[in-house]
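Report on the following structure.
Just so it is clear, none of the values below were taken in a lab; they were calculated from the coordinates. What you see is a predicted model; the values in this text were computed from it and never measured. Quick reminder, even Gly has a Cβ in these numbers, built from the backbone with ideal geometry, and neighbours come from all protein chains shown.
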Amino acid sequence: MSTLLEALESFSDLEDLEDRGGLYNERNFDEIVIRNSIFVSSSFSSTSFANAVITDVTFDSCDFTNADFSSSSFLRVKFKDCKLTGSLFLAARLRKVEISNAVAFYASFDSASLENCVFSFSDFHDSSFSAVRHSSLSITSSNLTRTSMRGTPFRGISFGGSSMEGISLSEDLKELKGATIDIEQALDIIRTKGVDIVAY
């Protein structure tokens, strides 16, 4: 198995790669196609992957700070213990994608399509999931504090164990129609509308 840099230099297909500790910060990988590969502790800070196609790939402990995945396609991809702070998934398509134990402050999934995705034990505070199209989406045991979810229907999303303090929704709360949330999450949402909760 070759590293990403070796594959790029030899113009070979970008598949069956095993890259450990590679530094690819501020590079342009727009429209790149990567298949059946693993990246461990690799750094892609401020790198562009716009319109990329990434299939059957695991990213373990990688740094994607301010990376741009806009309009990219992901299938059976895992982000484990990765840093996704400020990363952009604008209008991206994610199918069977897992994000676990990630730090994803200020990330944006606006207008993305999320199908059969599982996001767990991750910190998405101050991120945005606005106008997301989804099916079988699970965001569990994660921090969604001050996250924007305007225009994204809650129906069909599992939010088990996730914090929603200060979450941003439409004024008419239309996103909540058909939602299943727990009491603490409901209270978090009510407080964003300036309602004080008291116990008698």
Semi-axis lengths (Å, descending) of the ellipsoid that matches the C-alpha gyration tensor of the stretch 20-135: 18, 15, 14
Shape category assigned to the chain from the gyration tensor of Cα positions, a/c cut at 1.5: prolate
Other-chain or far-sequence residues with amide H under 5 Å of Arg93's (modelled H): Ser72, Ser73, Phe74, Ser113
Shape category assigned to the stretch 73-151 from the gyration tensor of Cα positions, a/c cut at 1.5: rounded
Global form of the stretch 59-104, assessed from the alpha-carbon gyration tensor, a/c cut-off 1.5: oblate
Whole-Hz couplings from phi, Karplus 6.51/-1.76/1.60, listed for the stretch 170-177; x for Gly and Pro: 5, 4, 8, 6, 4, 4, 7, 4
Inter-label distance, nm, simple model (7 Å from Cα along the C-beta direction), Glu26/Asn116: 4.0
Estimated [θ] at 222 nm from DSSP helical runs (n ≥ 4, -39500 (n - 2.57)) normalised by residues in the chain, nearest 500: -2000 deg cm²/dmol
Karplus-derived 3J(HN,Hα), 6.51/-1.76/1.60, for each residue of the stretch 20-33, Hz, glycine and proline x: 10, x, x, 10, 10, 5, 6, 9, 10, 10, 4, 6, 5, 10
Dipole magnitude (debye, nearest 20) for the chain, charges at Cβ of Lys, Arg, Asp, Glu: 680
